[in-house]
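The values are calculated or read from the model by the stated rules, or taken from the named source; none is laboratory data. As the structure is a computational prediction, the values presented were derived from the model and not from experiment. Please note: Cβ atoms are built from the backbone with ideal geometry, for glycine as well, and neighbour counts cover all protein chains shown. Note: accessible area is taken over every heavy atom of the protein model, side chains too, but ligands, DNA and RNA are not part of it. Shrake-Rupley method; radii C 1.70, N 1.55, O 1.52, S 1.80 Å.
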Amino acid sequence: MANPELVKLEGKKRETSKKANKALREELRVPAVLYGPDVDENIHFSIDELELEKILRKPQTKLQELTVDGKTFKTLLKRTEFDPVTDRPVHADFYVLSDKKKVTLRVPIKITGSAKGVVENGGRVFKPMNFIRIRVLPEAIPAEFEIDITPLEIGQSFHISDLELEGIIPLDDMSRTIVTIRPPKGADFLENLVSGVTEEAEEEVVAEGEEVAEGEELAEGEEAAEGEEGEDSSEDKKED
């Protein structure tokens, strides 16, 4: 597993009023908050919207070397709020990592290779999980979990228990399926008819088990940011 890329960001301290936040967004700057177990008081700042979007475009764990008011912090982008109409980021939460304290986060799953069951028998790849929730020390945070599905035949699956998890505590059930190879669509349909399960009903079950969008995962014990227009109103945002 590769370590996450460390991206350098420059933040500017800001006022926390609604009017000030609106002015920042008009200047293409995103209001943000910095917090963590080693931060005595939350730091309210803003960052360049384009720089934040560059981070968000990368489908990997996001670590930053964030400098605010002359001080530099190693952070994890924990939560980003978006405008429901424009989809622009309107607020971001940055968690300051502590070397000796574990952090809870979701790590994306990347599959590589072409499954044998697909290439030789026309099977279909089904991936019900896009992220895995873990708890880990900062030094062991992975950029992503990469899974080579090349050996998988039709009917075979890859589970959380099959991952290399040294130093990592998985928070999802170890028996959960990450990826499986289904039969060709026609064969799958006949199989479902015999078992009394329709394709439509099966897909509904899958939809209920899908992961939420990246960026909504919170640190363990952390309260979600509150306040209007994406502004964080908590003054004591800490992780246990």
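For the reader, a short list of remarks on this structure follows.
- The H on the amide N of residue 124, modeled in the peptide plane, is under 5 Å from the matching H of 182, each at least 5 residues off or on a different chain.
- Of the cross-linked pairs 101/127; 13/58; 74/116; 19/102, those separated by over 30 Å at the C-alpha level are 101/127; 74/116; 19/102.
- Protein-only accessible surface order, largest first, of 56, 76 at 1.4 Å: 56, 76
- Couplings 3J(HN,Hα) of the stretch 77-85, computed from phi: 6, 8, 7, 10, 9, 10, 5, x, 9 Hz, in residue order, whole Hz [Karplus 6.51 cos²θ - 1.76 cosθ + 1.60, θ = phi - 60°; x for Gly and Pro].
- Between residue 172 and residue 19, the distance separating the two model label sites (each 7 Å from Cα on the Cα→Cβ line) works out to 4.7 nm.
- 3J(HN,Hα) along the stretch 20-34, derived from phi through the Karplus expression 6.51 cos²θ - 1.76 cosθ + 1.60 where θ = phi - 60°, amounts to 5, 5, 5, 5, 4, 5, 5, 8, 6, 10, 9, x, 8, 9, 10 Hz, with x in place of Gly and Pro.
- Computed with the Debye formula from one identical point scatterer per Cα of the stretch 66-151, without solvent, the log10 of I(q)/I(0) at q = 0.12, 0.24, 0.27 Å⁻¹ comes to -0.60, -1.16, -1.27.
- Calculated from backbone phi, Karplus (6.51, -1.76, 1.60) coupling profile of the stretch 120-137 in Hz, x at Gly/Pro: 8, 10, x, x, 10, 7, 10, 10, x, 10, 10, 9, 10, 7, 9, 10, 7, 6
- The largest accessible area among 129, 174 belongs to the first residue in 174, 129, and the rest follow in falling order (1.4 Å probe, all chains).
- Treating each Cα of the stretch 22-118 as an identical point scatterer and summing with the Debye formula, the log10 of I(q)/I(0) at q = 0.17, 0.22 Å⁻¹ comes to -0.81, -1.22.
- For the stretch 1-78, the solvent-accessible area works out to 55 Å² per residue, with a probe of 1.4 Å and every protein chain left in place.
- For 67, 86, the ranking by accessible surface with the largest value first comes to 86, 67, using a 1.4 Å probe.
- In a DSSP loop and with at most 15 other Cβ atoms within 10 Å, the trypsin sites (Lys or Arg not before Pro) in the stretch 64-151 are 100, 101.
- For residue 114 and residue 159, the FRET efficiency from 1/(1 + (r/R0)^6), where r spans their Cβ atoms and R0 equals 30 Å, is about 0.90.
- Accessible area of the stretch 35-121 belonging to carbon and sulfur atoms, whole % at 1.4 Å probe: 46 percent
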